[in-house]
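**Q** Take this structure first; my questions come after.
The values are calculated or read from the model by the stated rules, or taken from the named source; none is laboratory data. On a predicted model such as this, the values are computed, not experimentally measured, just so you know. Note that each Cβ is placed from the backbone with ideal geometry, even for glycine, and that neighbours are counted across all protein chains shown.
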Number of protein chains: 2
Amino acid sequence: MTKVTAQMSVSLDGFYTGPRDTRGNQDMSGWMRGPEAPGFFRVTRWAVDAMAWRERQGFAGGEQSVDSQIVEETFAAAGAYVMGRRMFDAGEVPWGEEPPFRAPVFVVTHRPREVLERQGGTSFTFVTEGPERAVELARAAAGDKDVAVAGGGELLRQVLAAGLLDQLELHIAPVLLGDGQRLLGPGLGLGADDGIELVPARVVDAPGVTHIRYTVTGRSKLVLDDRGASGDLVGPAATGQ
Amino acid sequence: MTKVTAQMSVSLDGFYTGPRDTRGNQDMSGWMRGPEAPGFFRVTRWAVDAMAWRERQGFAGGEQSVDSQIVEETFAAAGAYVMGRRMFDAGEVPWGEEPPFRAPVFVVTHRPREVLERQGGTSFTFVTEGPERAVELARAAAGDKDVAVAGGGELLRQVLAAGLLDQLELHIAPVLLGDGQRLLGPGLGLGADDGIELVPARVVDAPGVTHIRYTVTGRSKLVLDDRGASGDLVGPAATGQ
């Protein structure tokens, strides 16, 4: 049964990269000197060090670790991808003729464009009817595998907010960045009494990163349930928050 | 050897309570109808359901679970506490004659006040010389046990930013709140190329909450280390962020 999944590396304070580069388009060496890079390299280090990630990118070396197994199973589970337009724009040139996806990718964009066929099984289809339609097309292309939200953060939030996401895996890097682009929080369209509930499905405690996979239950009302404690003793003071 | 520790329940998007109540002082029933309560109850539910937490508060019932064991060991490890002024103000009345701490508490405040002796081993000492001095006094009072930062979030950030914290345990509730008061991020005084590094020391995967204990390594420069990958292939596009 096809699930819609997403996974992302984040710092312990919830950032997936440094603060947005406001200087406009930069080439890779400009990007490397910008504000996004230091945080980005820190939170993704566990993956860049993993053999399975390096193999997909055509790099030698890397560690054969539990982290590498997680990268491997993540790639293996995806039968198709949905991707944000900004991520595609940043990746089109560096990915080259043989991108690491090896599966159909559906790019959510406002600009119509012909399908782009690449080597190794990757194709890019440009979808102008929004994230929901992109997920629908990816689902049809995924066979019995999963549809993976490739990124970036904005598309992930849209898919989550629209109730389309079945599984979210966070790779929590043990670092506080203090500032940057946040994956979660505002942008989910939640009212004051609403939450999105999840259930931890798997926790992998690697030395340099904690992988937590959640099943997304969905939107629900937050309740003022004091669990039978007497009203005047329950509050921030009582639990030490 | 005495450590300075802190622990806090947070949502998966990093909030420890709902948005701040801007209506000014509220009694408990006013607070219950305010914006903080729904998120607060959700992220602390695991503790309120735990037998060890309920015993400390004088409530019957609760579950004898791994969560309860964690509450128990958390209370047992603390030989003294440091606490923010706002948390003390909110707690003074509801805690009553026998507060749950059963140890000396050092309250960081600008208002001098006599030591307040309570039953069961709790005392409140008011420290006007800042968080560092409060930690020093608590250290002297803790014997061979730990100094625990009782809260709130602001004091925790100050202690962390000052490099005084040795251990941070987060209880991550599997819920997205979308908005509220964030524990971590801004307020740590980190520059664009700085991070605070931690090492995961223990992960406990309970059904309704994930407990991650970190040892705080301290402030360090973030490095632009591409781990030997060729420069033009490494970036947000390559790792799918």
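**Q** If I filter the stretch A:130-159 down to residues being touching a residue at least 60 places away in the same chain (Cβ under 8 Å) and on the phi > 0 side of the Ramachandran plot, which single residue comes out as surrounded by the most Cβ atoms within 10 Å (Cβ to Cβ)?
**A** For the stretch A:130-159, the residue satisfying everything is A:151.
**Q** Which condition number in (1) in contact with a Gly (Cβ under 6 Å, 6 or more places away or on another chain); (2) part of a strand (DSSP E or B); (3) crowded, with 22+ Cβ neighbours inside 10 Å; (4) more than 10 Å from chain B (Cβ to nearest Cβ) is the one that residue A:80 fails?
**A** With (1) in contact with a Gly (Cβ under 6 Å, 6 or more places away or on another chain); (2) part of a strand (DSSP E or B); (3) crowded, with 22+ Cβ neighbours inside 10 Å; (4) more than 10 Å from chain B (Cβ to nearest Cβ) applied to residue A:80, the lone miss is (1).
**Q** If you don't mind, there's one more thing I want to ask. Can you pull out every residue in the stretch B:1-39 that is closer than 18 Å to residue B:90 by Cα and among the hydrophobic types (A, V, I, L, M, F, W, C)?
**A** B:8, B:28, B:31, B:32, B:37
**Q** Can residue A:38 be described as within 30 Å of residue B:187 (Cβ to Cβ), facing another protein chain (nearest Cβ under 9 Å) and surrounded by fewer than 22 Cβ atoms within 10 Å (Cβ to Cβ)?
**A** No.
**Q** Within the stretch B:205-222, how many residues are more than 17 Å from the chain's Cα centre (by Cα) and either buried (at least 19 other Cβ atoms within 10 Å of the Cβ) or more than 7 Å from chain A (Cβ to nearest Cβ) (or both)?
**A** Summing the residues that are more than 17 Å from the chain's Cα centre (by Cα) and either buried (at least 19 other Cβ atoms within 10 Å of the Cβ) or more than 7 Å from chain A (Cβ to nearest Cβ) (or both) in the stretch B:205-222 gives 9.
**Q** Hey, among the residues in the stretch A:43-100 that are among the β-branched types (Val, Ile, Thr) and more than 25 Å from residue A:139 (Cβ to Cβ), which one's farthest from the chain's Cα centre (by Cα)?
**A** A:93
**Q** Continuing with the same structure: Tell me, please, whether a residue that is in contact with a Leu (Cβ under 8 Å, 6 or more places away or on another chain) and more than 26 Å from residue A:17 (Cα to Cα) can be found in the stretch A:134-152.
**A** So far as the stretch A:134-152 goes, no, none of its residues is in contact with a Leu (Cβ under 8 Å, 6 or more places away or on another chain) and more than 26 Å from residue A:17 (Cα to Cα).
**Q** Turning to a different aspect of this structure: Out of all the residues in the stretch A:112-129, which are without any contact (Cβ under 8 Å) to a residue 24 or more places away in the chain and either touching a Pro at 6+ places or on another chain (Cβ under 8 Å) or at positive phi (or both)?
**A** Once the filter is applied, which keeps residues that are without any contact (Cβ under 8 Å) to a residue 24 or more places away in the chain and either touching a Pro at 6+ places or on another chain (Cβ under 8 Å) or at positive phi (or both), the stretch A:112-129 yields A:118, A:120, A:121, A:123, A:125, A:126, A:128.
**Q** If only one of B:167, B:158 is in contact with a Pro (Cβ under 9 Å, 6 or more places away or on another chain) and polar (S, T, N, Q), which one is it?
**A** B:158
**Q** Also, quick follow-up: Can you give me the number of residues within the stretch A:160-199 that are part of a strand (DSSP E or B) and either free of Cβ contacts under 8 Å to residues at least 12 places away in the same chain or within 15 Å of residue A:5 (Cβ to Cβ) (or both)?
**A** 7
**Q** Determine which member of the set A:170, A:190 is within 14 Å of chain B (Cβ to nearest Cβ), surrounded by fewer than 23 Cβ atoms within 10 Å (Cβ to Cβ) and at pLDDT 95 or above.
**A** A:170
**Q** Which residues, counting only those in the stretch A:57-77, are surrounded by 20 or more Cβ atoms within 10 Å (Cβ to Cβ) and under 17 Å from residue A:146 (Cβ atoms)?
**A** Those that are surrounded by 20 or more Cβ atoms within 10 Å (Cβ to Cβ) and under 17 Å from residue A:146 (Cβ atoms): A:70, A:71, A:74.
**Q** Name the one entry in A:225, A:194, A:205 that is of a type in the set (Asp, Glu), in contact with a Pro (Cβ under 8 Å, 6 or more places away or on another chain) and more than 26 Å from residue A:102 (Cα to Cα).
**A** Answer to the selection: A:205.
**Q** If you don't mind, another one. Taking the stretch B:51-97, which residues are out of contact with any Pro (no Cβ under 9 Å at 6 or more places or on another chain) and of a type in the set (Ser, Thr, Tyr)?
**A** Passing the criteria: B:68, B:74.
**Q** Further question on the same structure: Kindly establish whether residue B:44 is surrounded by 17 or more Cβ atoms within 10 Å (Cβ to Cβ), more than 8 Å from chain A (Cβ to nearest Cβ) and not acidic (Asp, Glu).
**A** The answer is no for residue B:44.
**Q** Here is a follow-up. How many residues, within the stretch A:173-187, are more than 7 Å from every other protein chain (Cβ to nearest Cβ) and crowded, with 24+ Cβ neighbours inside 10 Å?
**A** 3
**Q** Which numbered condition trips up residue B:108, out of (1) touching a residue at least 24 places away in the same chain (Cβ under 8 Å); (2) within 12 Å of another protein chain (Cβ to nearest Cβ); (3) closer than 21 Å to residue B:5 by Cβ?
**A** (2)
**Q** Now for a separate question. Any residue at all in the stretch B:218-235 that is part of a loop (DSSP other than H, G, I, E, B), modelled with pLDDT of 95 or more, in contact with a strand residue (DSSP E or B) (Cβ under 7 Å, 6 or more places away or on another chain) and not acidic (Asp, Glu)?
**A** Checking the stretch B:218-235: not a single residue is part of a loop (DSSP other than H, G, I, E, B), modelled with pLDDT of 95 or more, in contact with a strand residue (DSSP E or B) (Cβ under 7 Å, 6 or more places away or on another chain) and not acidic (Asp, Glu).
**Q** For residues that are more than 7 Å from chain B (Cβ to nearest Cβ) and acidic (Asp, Glu), scanning just the stretch A:1-35, find the one that is nearest to residue B:10 (Cα to Cα).
**A** A:21
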